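Asker: The structure that follows is given in the form of structure tokens.
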Amino acid sequence: MNFISTRDASVSVSPSKAIIDGISADGGLYVPEYFPKVSEQDIKRLCNMDYAERAAYILSLFLNDFSIEELQVITDKAAKRFEDGEPAPLLKIDNNTFMLELWHGPTHAFKDIALTVMPLLLTAARQKQGISDKILILVATSGDTGKAALEGFKDIDGTKILTLYPEDGVSNVQKRQMTTQQGENVRVFGIKGNFDDAQTAVKRAFNDKELRERVHGSGYIMSSANSINIGRLLPQIAYYFSAYCDLLSANELEEGEKLNFCVPTGNFGNILAGYYAKKMGLKINMLICASNSNNVLTDFFQSGDYNSDRKFNTTVAPSMDILISSNLERLIFEMSGRDAELTKRRMQDLISRSAYSISDKERAEAARDFFAGYCDDDSIMAAIGNLFESEGYLMDTHTAVAASVLNSFYLETSDKCKTVVISTASPYKFIEAVMKALKITPGTDLNKSLKKLYNLTALEIPKSLQSLFSLPVLHSGVIDKDGLTEEVLRFVSEG
Ligand SMILES: *Cc1c(COP(=O)(O)O)cnc(C)c1O
């Protein structure tokens with residue numbers, strides 16, 4: 001299977017090249033040439049496998065220049081970095097609702113699922129491509145990707161990683177996780193601006209031919225660990241299949257029964273993986289796209305008009321504070337009947353006038369797969385309090401966006417399918433907001449807060465967060481929106 005560009009129909013590259021490039025030279029995103037099918041028979045086989053085996057199988061359908069044995073070694077290694085070696089445990093909340101907890105990895109957010117796998121894919125891809133240059137990973141983060149990528153690439157031979165986060169746009173825990181990052185090959189900077197500014201700076205660096213050449217002169221090629229890289233996207237497809245299998249095995253689903261997934265959404269990577277799973281034959285009914293008050297996606301699915309020219313809100317779910325959802329381009333490409341010319345024009349419109357539109361026919365087609373809704377901070381807080389009170393289940397603020405939108409979904413539709421809510425972060429990662437939602441006053445420092453929340457909820461505190469505020473700050477730099485080029489050049493010149 002090759003990967004093609006969303007913006008140039010003549011591009012077609014091998015999986016390992018797509019992983020190394022990150023983004024196509026025409027600015028488009030790589031997508032699989034076709035969607036491999038997974039039959040009901042295959043699903044039955046997957047049911048007898050553990051998560052790492054399921055993930056290796058799903059990856060093998062796309063990554064033909066990797067052997068299944070090679071992929072199995074990679075997914076095994078990745079799974080071992082999760083508590084109990086279990087990356088995607090599923091919990092029953094009530095007869096209709098399940099939580100898929102994707103946050104038991106090294107940084108306690110769902111980004112770990114892909115970022116424990118991707119660095120291993122990338123180093124293998126580098127060998128397959130016979131590349132002697134080292135790889136410089138540039139990451140823009142709204143908080144969680146940055147730390148997960150830093151942990152994933154830390155001290156991996158032949159790589160360096162530079163992460164940019166919005167200086168005032170991440171939680172205290174998130175910021176501290178990044179500024180205390182250890183490892184010889186890492187750099188972290190705050191940027192004066194929001195996540196979109198960080199993402200734009202990174203995209204601009206990728207499209208800057210002169211910078212690429214100078215970086216190359218220092219023995220590096222640039223790549224991305226953002227969810228525009230298919231090495232990020234593909235590992236995420238596995239947990240949709242895995243959740244379905246776990247429900248079948250627990251007799252919660254009949255063979256062939258349809259299931260909803262409700263996904264807290266920012267850059268549209270998580271939910272797009274669900275759409276890909278559906279394309280591959282997984283019996284998904286609706287994909288519920290849940291946004292916070294940065295509701296650009298809700299408006300898009302309802303009107304067919306994408307318009308990022310609007311107020312940017314800083315919410316209690318900061319990892320979803322995004323107005324330009326990069327991965328939506330991949331959905332638009334499918335909706336257009338894989339028309340690269342049209343997709344390119346729309347993406348140019350997005351740059352030149354912050355907006356583009358899809359046709360009514362395309363919008364109607366999207367509505368067959370997606371329901372979109374959003375909620376504000378008050379509803380997020382209420383959802384956390386309510387679910388804890390009624391079921392004793394504690395959610396983080398992002399997961400609460402999904403829980404709140406799921407309520408609206410059941411109210412607005414007559415849908416009867418069961419739903420898996422994708423639970424994307426440990427509540428401890430967003431502790432200030434979570435404590436406020438439960439109406440408990442935070443402690444005088446983080447450790448006291450952690451203990452207070454633990455005493456009330458008995459939810460185990462992640463070990464890495466217990467020691468977080470006693471670690472030394474190693475990265476305190478803050479740069480301007482156009483300061484990235486200089487830092488990139490400085491970093492690669494150090495060897
Ligand atoms: C990144 C993130 C999301 C959103 O995922 P996208 O792939 O950007 O849509 C939701 N919740 C948390 C905790 C995240 O870190």
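The values are calculated or read from the model by the stated rules, or taken from the named source; none is laboratory data. Worth saying up front: this structure is predicted, and the values here are computed from it rather than measured. Here the Cβ is made from the backbone with ideal geometry for all residues, glycine too, and neighbour counts use every protein chain on show.
Asker: Please work out if residue 61 is modelled with pLDDT of 95 or more and over 22 Å from residue 246 (Cα atoms).
Answerer: So residue 61 fails the test.
Asker: Follow-up question, since we're still on this one. Residue 75 - would you say it is surrounded by 22 or more Cβ atoms within 10 Å (Cβ to Cβ), within 16 Å of the ligand (Cβ to nearest atom) and among the polar types (S, T, N, Q)?
Answerer: No; evaluated as a whole, the condition is false for this residue.
Asker: Then there is this: Exactly one of these conditions fails for residue 380: (1) touching a strand residue (DSSP E or B) at 6+ places or on another chain (Cβ under 8 Å); (2) within 15 Å of the ligand (Cβ to nearest atom). Give me its number.
Answerer: All conditions are met except number (1).
Asker: Would the range 295-304 turn up any residue that is within 16 Å of the ligand (Cβ to nearest atom), buried (at least 24 other Cβ atoms within 10 Å of the Cβ) and not aliphatic (A, V, I, L, M)?
Answerer: Yes, the range 295-304 contains a residue that is within 16 Å of the ligand (Cβ to nearest atom), buried (at least 24 other Cβ atoms within 10 Å of the Cβ) and not aliphatic (A, V, I, L, M).
Asker: Residue by residue through the range 314-330, note down the ones that are touching a Lys or Arg at 6+ places or on another chain (Cβ under 9 Å) and either surrounded by 23 or more Cβ atoms within 10 Å (Cβ to Cβ) or part of a helix (DSSP H, G or I) (or both).
Answerer: Matches in the range 314-330: 316, 319, 329.
Asker: Quick check: anything in the range 238-259 at pLDDT below 95, acidic (Asp, Glu) and more than 19 Å from residue 421 (Cβ to Cβ)?
Answerer: Among the residues of the range 238-259, at least one is at pLDDT below 95, acidic (Asp, Glu) and more than 19 Å from residue 421 (Cβ to Cβ), which makes the answer yes.
Asker: Continuing with this model, one more query. Filter the range 159-171 for residues that are part of a loop (DSSP other than H, G, I, E, B) and surrounded by fewer than 24 Cβ atoms within 10 Å (Cβ to Cβ); which is nearest to the ligand (Cβ to nearest atom)?
Answerer: This residue is 171.
Asker: Whether any residue in the range 476-491 is polar (S, T, N, Q) and under 26 Å from residue 378 (Cα atoms) is what I want to check.
Answerer: Looking through the range 476-491, none of the residues is polar (S, T, N, Q) and under 26 Å from residue 378 (Cα atoms).
Asker: Would you call residue 182 in contact (Cβ under 8 Å) with a residue 12 or more places away in the chain and surrounded by fewer than 18 Cβ atoms within 10 Å (Cβ to Cβ)?
Answerer: yes
Asker: When you go through 396, 378 one by one, which is the residue that is at pLDDT 95 or above and over 21 Å from residue 92 (Cα atoms)?
Answerer: Selected residue: 378, the only one of 396, 378 that is at pLDDT 95 or above and over 21 Å from residue 92 (Cα atoms).
Asker: Scan the range 57-72 for residues that are part of a helix (DSSP H, G or I), crowded, with 16+ Cβ neighbours inside 10 Å and of a type in the set (Asp, Glu) and report the count.
Answerer: So the count comes out to 1.
Asker: From 176, 212, grab the single residue that is assigned to a helix (DSSP H, G or I), within 24 Å of residue 124 (Cβ to Cβ) and either among the hydroxyl-bearing types (Ser, Thr, Tyr) or more than 18 Å from the chain's Cα centre (by Cα) (or both).
Answerer: Just a single option satisfies the conditions, and that option is 212.
Asker: Ok, one more. Going by the structure shown, is residue 234 touching a residue at least 60 places away in the same chain (Cβ under 8 Å), part of a loop (DSSP other than H, G, I, E, B) and hydrophobic (A, V, I, L, M, F, W, C)?
Answerer: It is false that residue 234 is touching a residue at least 60 places away in the same chain (Cβ under 8 Å), part of a loop (DSSP other than H, G, I, E, B) and hydrophobic (A, V, I, L, M, F, W, C).
Asker: Determine whether the range 472-490 contains at least one residue that is surrounded by 14 or more Cβ atoms within 10 Å (Cβ to Cβ) and in a strand (DSSP E or B).
Answerer: Yes, the range 472-490 contains at least one residue that is surrounded by 14 or more Cβ atoms within 10 Å (Cβ to Cβ) and in a strand (DSSP E or B).
Asker: Right, another one. For the range 239-272, name all the residues that are within 12 Å of the ligand (Cβ to nearest atom) and among the hydroxyl-bearing types (Ser, Thr, Tyr).
Answerer: 265
Asker: Across the range 408-437, which residue is farthest from the ligand (Cβ to nearest atom) among those that are surrounded by 15 or more Cβ atoms within 10 Å (Cβ to Cβ) and of a type in the set (Gly, Ala, Ser)?
Answerer: The selected residue is 408.
Asker: If the Cβ limit is 8 Å and pairs must be 6+ apart or interchain, which residue in the range 316-339 that is under 13 Å from residue 306 (Cβ atoms) and modelled with pLDDT under 95 pairs with which residue that is of a type in the set (Lys, Arg) and outside any helix (DSSP H, G or I)?
Answerer: Taking only residues 6 or more apart or on different chains, the pairs are 323/310.
Asker: If we scan the range 147-158, do we find a residue that is within 12 Å of the ligand (Cβ to nearest atom) and among the aromatic types (Phe, Trp, Tyr)?
Answerer: no
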